[in-house]
Amino acid sequence: MPPLADHADAAKASPAPASSGLADVLRREASLSDEALSRAILVETETGETLDKVATRLGLVSEDALAQALGRATGLPLIDAVHFPDAAPAIADVSTAFLRDRRIVPLSFDGSYLRVAMANPLDDEAVAGIGFAAGCPVLRTIARGGDIDAAIDRLYRTETEEGVEDEVDEADLEHLKDLVSDAPVIRAVNRLIADAVDAKASDIHLEPTDDRLAVRFRIDGVLREMSPKPAAMRAPIVSRIKVMANLNIAERRLPQDGRLRLTVRGHEIDLRVATAPSIHGESVVMRILDKSNLALDPKTLGFDADLEAQFLDALSQPHGIMLVTGPTGSGKTTTLYAALAHLNSHERKLTTIEDPIEYRLPGVVQSQVNPTIGYTFSSALRSFLRQDPDVMMVGEIRDTETAQIAVQAALTGHMILSTLHTNTAAGAVTRLLDMGVEPFLLSSVLTGVLAQRLVRRLCPHCREPFKADKSVLARLGVAKGDGEDGWRTFYRPVGCPECRNSGYSGRMAVFEFIRIDADLSQLILHRADTRKIAQAAAKAGFGTLRSDGVDKARRGLTTLEEVLRVSSED
């Protein structure tokens with residue numbers, strides 16, 4: 001992205017054509033149908049919102065796609081939020097309400113020109129108004145609507161918002177109900193969620209303290225501190241989230257769980273909401289489920305060609321049990337979704353039993369357990385067997401009853417996919433034996449076990465190579481052998497604007513996979529312990545979490561520190 005100063009000439013040379021309407025741009029550049037445009041224009045007329053807001057709120061076009069379309073149509077430069085000023089330029093007679101309504105934010109003002117960012121640069125009326133107030137020509141640039149909204153919230157804090165914070169009374173429920181409907185509170189919550197989506201966060205943590213509402217985002221598996229909210233905003237923000245998730249705002253003593261769906265940047269986002277009481281108020285965690293970022297391709301998840309072939313071969317069996325193991329938050333469910341996507345066809349009936357349902361999968365019958373009414377994994381699995389399925393995914397094998405029903409289902413010709421909480425692939429075998437599954441049954445139905453962990457992916461734009469220390473390589477078992485110099489060259493994070501100076505961008509999985517063959521079946525039959533099964537798997541050529549991680553680190557996909565963090569060798 002060029003510096004903001006470089007945009008001046010382009011902005012002067014390419015004024016937005018007054019005759020072109022945003023609807024025409026949406027039709028021509030964003031490929032919106034006449035039906036979709038008619039719907040958006042109708043909502044615009046009924047609500048009074050601008051067309052750009054309506055189009056993105058309805059999910060007809062993403063904010064990024066809209067900005068790109070306007071850039072192509074007008075030739076004006078598109079800028080990012082990093083180019084916005086730290087302080088608002090001094091312009092008399094320009095109200096915050098006007099800026100917010102027309103989605104226009106001043107960038108710089110030197111007396112000769114006023115440079116602005118606009119969500120809709122075709123809004124000549126807004127340009128004329130702000131130009132009249134500034135008393136000079138206006139240079140237009142394009143920015144995403146959400147970035148402009150955030151800049152206005154930051155640069156033009158209104159007295160109304162400050163007054164709301166001072167007036168909050170947590171003891172007054174009726175007053176609280178009124179507050180959660182106030183525009184400042186709504187904007188604060190919407191901005192919080194939009195910021196988290198922009199940062200590609202997986203979770204939003206809101207933690208009340210004695211003097212503030214702490215905000216943390218989990219980005220690439222690591223919690224990062226964000227700007228806190230004032231103490232007086234604790235109750236309104238939490239209550240607003242509870243209202244959105246259909247939770248009881250009057251109940252603050254017990255934990256509650258809910259779910260909500262909204263459109264952010266033109267994408268539909270699901271959020272799982274969990275509240276819990278704490279000494280200073282209610283703590284809230286929101287899990288962000290963005291289906292547009294759901295990776296259902298094994299290569300995207302981190303499978304190499306050999307592992308993908310082995311994994312898909314195990315899935316192709318007509319019946320059996322395939323397990324994915326690992327701790328909470330290691331991506332097990334996503335891997336199972338990828339397996340379901342591979343198996344999904346018109347010739348197969350696929351069903352799932354989940355707690356909770358994280359993503360909706362077309363063509364798959366999905367069901368969510370509800371223990372309060374006795375609908376558990378075991379009872380759901382038993383009932384789904386009468387639905388004549390070919391493949392069943394069970395969210396987790398938690399108890400002996402579920403394990404035994406899954407084994408019986410596999411014996412009667414079904415493919416069962418499930419997860420198990422064990423540290424290694426070999427450990428899944430002994431865990432099932434400990435649950436009471438008979439060895440002769442397990443050895444005949446277990447098809448394969450995949451263990452996985454998530455590591456942060458190095459930013460490809462700023463990573464740098466270095467020679468790893470031999471002592472570190474010795475811990476990893478790769479200090480000696482052929483190609484030692486090649487193995488000693490690894491990569492480390494640096495940080496750049498593309499990765500928000502973290503050095504990392506996204507996450508990927510490291511795996512170990514055990515395909516149950518005749519030799520391993522014999523070991524299971526004789527109740528071999530975890531170590532013997534792991535040794536036999538290694539002898540058969542199956543790699544470990546650490547070996548897969550080291551290979552990915554050598555290829556510059558992650559770091560040795562990440563591999564050491566998630567793996568261990570006995």
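On the basis of being crowded, with 17+ Cβ neighbours inside 10 Å, at positive phi and out of contact with any strand residue (DSSP E or B) (no Cβ under 6 Å at 6 or more places or on another chain), does Gly503 make the cut? In short, yes.
A quick yes/no check of all residues on (1) closer than 24 Å to Asn190 by Cβ; (2) at pLDDT 90 or above; (3) part of a helix (DSSP H, G or I); (4) not small (Gly, Ala, Ser):
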| residue | (1), (2), (3), (4) |
| --- | --- |
| Glu282 | yes, yes, no, yes |
| Lys299 | no, no, yes, yes |
| Leu336 | no, yes, yes, yes |
| Thr352 | no, yes, no, yes |
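Within segment 512-539, if we keep just the residues that are out of contact with any helix residue (DSSP H, G or I) (no Cβ under 7 Å at 6 or more places or on another chain) and among the aliphatic types (A, V, I, L, M), the residue that is surrounded by the fewest Cβ atoms within 10 Å (Cβ to Cβ) turns out to be Ala518. Only a single item in (1) within 22 Å of Lys332 (Cα to Cα); (2) open to solvent by 20 Å² or more (accessible area, probe 1.4 Å); (3) at pLDDT 90 or above is not met by Leu564, and it is number (3).
Test Leu557 against the criterion of being surrounded by fewer than 21 Cβ atoms within 10 Å (Cβ to Cβ), part of a loop (DSSP other than H, G, I, E, B) and at negative phi, and give yes or no. Yes. Could you pull out the residue among Leu260, Leu247, Leu223 that is under 30 Å from Leu26 (Cβ atoms) and not in a helix (DSSP H, G or I)? Exactly one residue qualifies, and that residue is Leu260.
Candidates are the residues of segment 329-340 that are of a type outside the set (Val, Ile, Thr) and open to solvent by less than 10 Å² (accessible area, probe 1.4 Å); the one that is nearest to Ala426 (Cα to Cα) is Ser330. Listed here are the helices (runs of 4 or more DSSP H) enclosed by segment 29-114 that have at least 2 residues being within 29 Å of the chain's Cα centre (by Cα): 34-47, 51-57, 63-74. Yes or no: segment 120-135 includes at least one residue that is within 20 Å of Asp52 (Cβ to Cβ), assigned to a strand (DSSP E or B) and open to solvent by less than 10 Å² (accessible area, probe 1.4 Å). Among the residues of segment 120-135, not one is within 20 Å of Asp52 (Cβ to Cβ), assigned to a strand (DSSP E or B) and open to solvent by less than 10 Å² (accessible area, probe 1.4 Å), which makes the answer no. Restricting attention to segment 34-60, the residues that are over 22 Å from Ile104 (Cβ atoms) and surrounded by fewer than 17 Cβ atoms within 10 Å (Cβ to Cβ) total 7. Among the residues of segment 91-100, are any more than 24 Å from Leu26 (Cα to Cα), acidic (Asp, Glu) and surrounded by fewer than 20 Cβ atoms within 10 Å (Cβ to Cβ)? Checked against the condition, which is being more than 24 Å from Leu26 (Cα to Cα), acidic (Asp, Glu) and surrounded by fewer than 20 Cβ atoms within 10 Å (Cβ to Cβ), segment 91-100 yields at least one hit. Checking each residue in segment 228-279 for being at pLDDT 85 or above, touching a helix residue (DSSP H, G or I) at 6+ places or on another chain (Cβ under 9 Å), under 19 Å from Ala188 (Cα atoms) and open to solvent by 40 Å² or more (accessible area, probe 1.4 Å) picks out Lys229, Pro230, Arg240, Val243, Met244. Within the option set Gln408, Gln366, being assigned to a helix (DSSP H, G or I), open to solvent by 40 Å² or more (accessible area, probe 1.4 Å) and not acidic (Asp, Glu) holds for one residue only, Gln408.
Pairs needed: first member in segment 436-457, without any contact (Cβ under 8 Å) to a residue 40 or more places away in the chain; second member anywhere, crowded, with 19+ Cβ neighbours inside 10 Å; C-beta distance under 6 Å; at least 6 residues apart or different chains. Here the result reads Val437/Ala403; Val437/Val407; Leu441/Val407, each pair linking segment 436-457 to a residue that is crowded, with 19+ Cβ neighbours inside 10 Å.
If you go through segment 218-266 and pick out every residue that is polar (S, T, N, Q) and closer than 18 Å to Asp153 by Cα, you end up with 1.
Checking each residue in segment 197-216 for being under 16 Å from Arg265 (Cβ atoms) and not aliphatic (A, V, I, L, M) picks out Asp198, Lys200.
Let's see how each residue does on (1) outside any helix (DSSP H, G or I); (2) surrounded by fewer than 17 Cβ atoms within 10 Å (Cβ to Cβ); (3) at pLDDT below 85:
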| site | (1), (2), (3) |
| --- | --- |
| Ala150 | no, no, yes |
| Thr160 | no, yes, yes |
| Asp166 | no, yes, yes |
| Asp169 | yes, yes, yes |
| Arg191 | no, yes, no |
| Ser202 | yes, no, no |
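With respect to the conditions (1) in contact with a Leu (Cβ under 7 Å, 6 or more places away or on another chain); (2) open to solvent by less than 30 Å² (accessible area, probe 1.4 Å); (3) at pLDDT 80 or above, Arg115 lacks only one, and its number is (2).
Close Cβ contacts (under 8 Å, 6 or more residues apart or on different chains) running from residues in segment 83-103 that are more than 16 Å from Ala143 (Cβ to Cβ) to residues that are open to solvent by 60 Å² or more (accessible area, probe 1.4 Å) and not acidic (Asp, Glu) comprise Ala90/Phe109; Ile91/Phe109.
Matching residues to (1) part of a loop (DSSP other than H, G, I, E, B); (2) in contact (Cβ under 8 Å) with a residue 60 or more places away in the chain; (3) open to solvent by less than 60 Å² (accessible area, probe 1.4 Å):
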residue	(1), (2), (3)
Pro327	yes, yes, yes
His342	no, no, no
Arg348	yes, no, no
Arg382	no, no, no
Glu401	no, no, no
Gln404	no, no, no
Gly413	yes, yes, yes
Ile416	no, yes, yes
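Out of all the residues in segment 310-328, is one or more charged (D, E, K, R) and more than 13 Å from Val394 (Cα to Cα)? Within segment 310-328 (the criterion being charged (D, E, K, R) and more than 13 Å from Val394 (Cα to Cα)), the answer is yes, since at least one residue qualifies.
Would you say Pro137 is touching a Leu at 6+ places or on another chain (Cβ under 6 Å), over 30 Å from Val243 (Cβ atoms) and at pLDDT 80 or above? In short, no.
The values are calculated or read from the model by the stated rules, or taken from the named source; none is laboratory data. Source: prediction; values computed, not measured. Counting neighbours? That spans all protein chains shown, and the Cβs are built from the backbone with ideal geometry, glycine included. These area figures cover heavy atoms from the full protein model, side chains too; ligands, DNA and RNA do not enter into them. Shrake-Rupley method; radii C 1.70, N 1.55, O 1.52, S 1.80 Å.
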